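One structure is given here, and the rest of the page talks about it.
Each reported figure results from applying straightforward, stated rules to the coordinates on display, with no laboratory input. Treat the numbers as computed from the prediction; the structure is a model and nothing was measured. Here the Cβ positions follow ideal geometry from the backbone for every residue, glycine too, while neighbour counts run over all protein chains shown.
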Amino acid sequence: MIRVGVVQTSPRFGRVAANLARALRLMATKPADLYVLPELFATGYQFSSRAEVARLAEPVPTGRTCRQLIAFARRHRCAIVAGLPERAGRRCYNSAVVIGPDGYLGCYRKLHLFGEETCWFAPGRKAGAVWTIGAFGSGGSGKATGSVKIGVMICFDWFFPETARSLALEGADLICHPANLVLPYCPEAMRTRSIENRLFTATADRVGTEARGGRAPLTYIGRSQITDPRGRLLFRAPAKGEAIGVVRIDPRQARDKRLNSYNDLWEARRPRAYRGLTVRCKGERRIKD
Ligand code: ACM
């Protein structure tokens, strides 16, 4: 069994040190083997210029947010998935770092940018990023509690079911989903992502409102949640206020893809019949390297 936690925060824009400290304090109140934090959890979301993004973005994994998350994970023998703006050369990405009990493991760059994000960030290039995380020290006892294969996607990626499917096909038991949700549909949609891929999902959202630079306010819907392979809610946070929910999951439940004695999810797929899925569609933008 693995203890998975979703951390629902209320960051104040640009107050990175305070937002980070508050998130870490919240995490320390509930032991878990793996914590999922929201998208851009320490900076806030509503950027107003590229220069502002560049100032608040950090190199991964040497930036200050990443280093403090690594220190927390080592101290508590846990793993963390957390969203932050990544600076890499002249580009910035809306990324999520993956950190294990022994340090930095990797980073996923958001594929499907939402709204004004398209002005600030370069899109990622690849779905299907998965990592095996295991041998957690159970609450400091040093006793290993098993391993879990996690896939990562960020917020609006949920709108494209191919993203979750790619992670499932790469063997993810659990989709870690840092988010800053402004549309109301995602919490219910993620139950469907769980059912159709028979895996766990952990969506960590934020709350609060941002209205920067005279732009339309963005209100974040909270309702962070964890779902099981049958789409059942194991935890859901309220729409308002900071929260943390930790549940125990058995990742092996996600490895059984049989629906009944006739239908195995993977055996029943008909990839050659899904012609349209991999061809370019009208209006699709070419992303340059
Ligand atoms: C979003 O992708 N942050 C809506």
Each label point is 7 Å from the Cα along the Cα-to-Cβ direction; what then is the distance between the points at Arg75 and Leu265, in nm?
3.7 nm
Proportion of all alpha-carbon pairs of segment 200-289 beyond 19 Å (%):
67 percent
Show me 272-285, 245-258, 198-211, 69-82 ranked by packing, highest mean number of other Cβ atoms within 10 Å first.
198-211, 69-82, 245-258, 272-285
Which one of Leu24, Pro38, Gly14 has its Cα pushed farthest toward the positive end of the charge dipole of segment 10-50, where Lys and Arg give +1 and Asp and Glu give -1 at the Cβ?
Gly14
Extension reserve of the Arg258-Thr209 stretch, reckoned as 0.36 nm per residue once the Cα distance is removed:
13.4 nm
For segment 5-105, convex hull of alpha carbons as volume per residue, Å³:
80 Å³
Space enclosed by the convex hull of the alpha-carbon atoms of the chain, per residue, Å³:
125 Å³
Using alpha-carbon pairs under 8 Å, 6+ residues apart, how would you state the relative contact order of segment 67-108 in percent?
39 percent
Shape call for segment 132-289 from the C-alpha gyration tensor, a ≥ b ≥ c root eigenvalues: rounded (a/c under 1.5), prolate (a/b greater than b/c) or oblate?
oblate
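Please report the relative contact order for segment 25-95, taking Cα pairs under 8 Å with a sequence separation of at least 6, and give it as a percent rounded to a whole number. Mind dumping the intermediate values first?
Numbers: 81 pairs, mean separation 30.9, N = 71.
Normalised by residue count, the contact order of segment 25-95 is 44 percent.
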Report, in whole Å, the centroid distance computed from the Cα atoms of segment 85-130 and segment 2-39.
18 Å
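Counting alpha carbon pairs within less than 8 Å and at least 6 residues apart, what relative contact order, in whole percent, applies to segment 151-275?
On the way: 222 pairs, mean separation 25.4, N = 125.
Reported as a whole number, the value is 20 percent.
About the Cα centre, and with charges only on the beta carbon of Lys, Arg (+1) and Asp, Glu (-1), how big is the dipole of the chain? Nearest 20 debye, please. Please report the intermediate quantities before stating the final value.
Numbers: 48 positive and 24 negative charges, 57 e Å.
It comes to approximately 280 debye.
For the chain, what is the calculated [θ] at 222 nm in deg cm²/dmol (nearest 500), taking -39500 (n - 2.57) for each run of four or more DSSP H residues and dividing by its residue count?
Values: 6 runs with 58 residues, N = 289.
Dividing the helical sum by the residues of the chain leaves -6000 deg cm²/dmol.
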